[in-house]
Amino acid sequence: MKTVYSPRHRLHADNQELNAGVITPAFELPARVDFILQRIAAVGLGAVIEAAPVDAVAAAAKVHDAGYLRFMADFWKLWLAEGRTGPTMPYVWPARGQRDIRPQHVNGLMGYYSFDGGGSFVAGTWEAVQSAVWSAVGAAELIHGGETAAYALCRPPGHHAGSSTMGGYCFINNAAVAAQWFLDHGARRVTILDVDYHHGNGTQEIFYRRRDVQVVNLHADTAVAYPFFSGRADETGEGEGEGFTLNLPMPFGTAWETWGAALDVACRAIEAFGPDALVVSLGLDTFEGDPISKFKLTREDYPKIGARIARLGRPTLFVQEGGYAVEDIGHNAVGVLSGFEGA
Ligand code: Q9C
Ligand code: ZN
């Protein structure tokens, strides 16, 4: 399997996050990509291709709000104009009872276009974000060109990014961009299967009213886990999209027996939908050693995920999402991809 990635991901570094009362360095680190690339080379997974530049804003504009994209493109300039140079963090959000109104000042814009403090910019963030879109589109092109599967090693990740909101380390929803790209290049139906520990709230929001993209999510129960405000089993889509969203929340402590059974339920729903292409939002934060998560998958479980997905027999694009046990992420990510190849 070929991997597409851009070294520009590294421009997004030294940012911060806000968590239950503390601001900390972000868990989402450039080293994650280094460990994955090391493991790809060690097992000889396949060629690693540097993503060619594409018009990321045009590709993203199909699933994101134009004002939101303009905000991210202009953001660092506005921040510098305020005399600030350090990492950013939104701190005021429009909540129930307030107006959905776009402010002019950068401090207000940050909150208007985010849902948490996880959308933290540094000087190179926007370049890195665009380069992740290059990787997603580049890997989708490989599949369009006849590859059975490809791996977009995207960083920063994307599945928390909604049509007009950043958060959870995500800015542009790489998986959503790729799914739309497949539709615009001949696919009639696409499924996004999200196996990240956290509910892919952004992906769900983007496609909630659509029937051409099925969104299937396996994640920690959002009654008790981030991102809290979506991801329940009773969210099934709306309007035309009714029945095309499937959420499979699971309790803290979930290990393979339960998780693998949920993957089987997910795969049966995907078979029934019959997509022309499958996009897998590949998070590895279900790992027992993950520092911010509470599932118990082991290194041995990841190849089984890949093998089950391969049995669907669809052109499959893996898009990198979360996973913060940095020294294990290579084994676990490449475990899924090798399991797919070996099936
Ligand atoms: N104590 C992704 O995996 N913080 N984003 C949660 C838990 C935010 C994760 C706090 C986690 C975002 C792509
Ligand atoms: Zn996650």
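Each value in this text was obtained by applying a stated rule to the coordinates, not by laboratory testing. Quantities reported herein were computed from a predicted structural model and do not represent experimental measurements. Please note: Cβ atoms are built from the backbone with ideal geometry, for glycine as well, and neighbour counts cover all protein chains shown.
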Measuring from label point to label point, each 7 Å out along Cα→Cβ, what is the GLU147 to HIS185 span in nm? 1.1
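Can you sort TYR112, TYR197 so the residue with the fewest Cβ neighbours within 10 Å comes first? Walk me through the intermediate numbers first.
On the way: TYR112 20, TYR197 26.
So the ranking, lowest neighbour count to highest, is TYR112, TYR197.
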Relative contact order [Cα under 8 Å, 6+ residues apart], segment 208-267, whole percent: 40
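Which trypsin sites (Lys or Arg not before Pro) in segment 287-343 pass both tests, a DSSP loop state and at most 14 other beta-carbon atoms within 10 Å?
Values: sites: LYS294, LYS296, ARG299, LYS304, ARG308, ARG311; in loops: LYS294, LYS296, ARG311.
Passing sites in segment 287-343 are ARG311.
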Find how many whole Å separate the alpha carbon centroid of segment 1-40 from the alpha carbon centroid of segment 258-283. 26
Taking 8 Å as the Cα distance limit and 6 or more residues as the minimum spacing, I'd like the relative contact order of segment 85-148 as a percentage. 35
Reachable aspartates and glutamates from LYS2, Cα under 14 Å, same-chain residues fewer than 8 places away excluded? GLU50, GLU141, GLU147, GLU341
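Just want the ordering: ASP290, ASP14, ASP184, ASP221, from fewest to most Cβ atoms lying within 10 Å of their own Cβ. Write down the numbers at each step before the final one.
On the way: ASP290 24, ASP14 14, ASP184 11, ASP221 17.
So the residues, fewest neighbours to most, are ASP184, ASP14, ASP221, ASP290.
Report, for the chain, the % of DSSP beta bridges that are antiparallel, rounded to 5.
Antiparallel: roughly 15 percent of the beta bridges in the chain.
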Give me the extension gain from ALA261 to GLU240: residue separation times 0.36 nm, minus the current Cα-Cα distance, reported in nm with one decimal. 4.7 nm
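Write down the Å³ per residue value for the convex hull defined by the alpha carbon atoms of segment 1-158.
Per-residue hull volume (Cα only) is 135 Å³.
Going by how many other beta carbons lie within 10 Å of each one, how would you line up MET1, MET110, MET166, fewest first?
Numbers: MET1 21, MET110 25, MET166 32.
Fewest to most other Cβ atoms nearby, the residues stand as MET1, MET110, MET166.
If the chain were replaced by its equivalent ellipsoid, with semi-axes equal to the square roots of 5 times the Cα gyration tensor eigenvalues, what would those be, largest first, whole Å? Could you put the intermediate results ahead of the total?
Details: eigenvalues 160, 95, 84 Å².
Rounded to whole Å, the semi-axes are 28, 22, 21.
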At 0.36 nm per residue, minus the direct Cα-Cα distance, what do ASP65 and GLU327 gain on full extension? Give it in nm, one decimal, please. 90.7 nm
Given points 7 Å out from each Cα along the Cα-Cβ axis, report the ASN107 to GLU50 separation in nanometres with one decimal. 4.1
What is the distance in Å between the Cα centroid of segment 41-116 and that of segment 185-209? 20
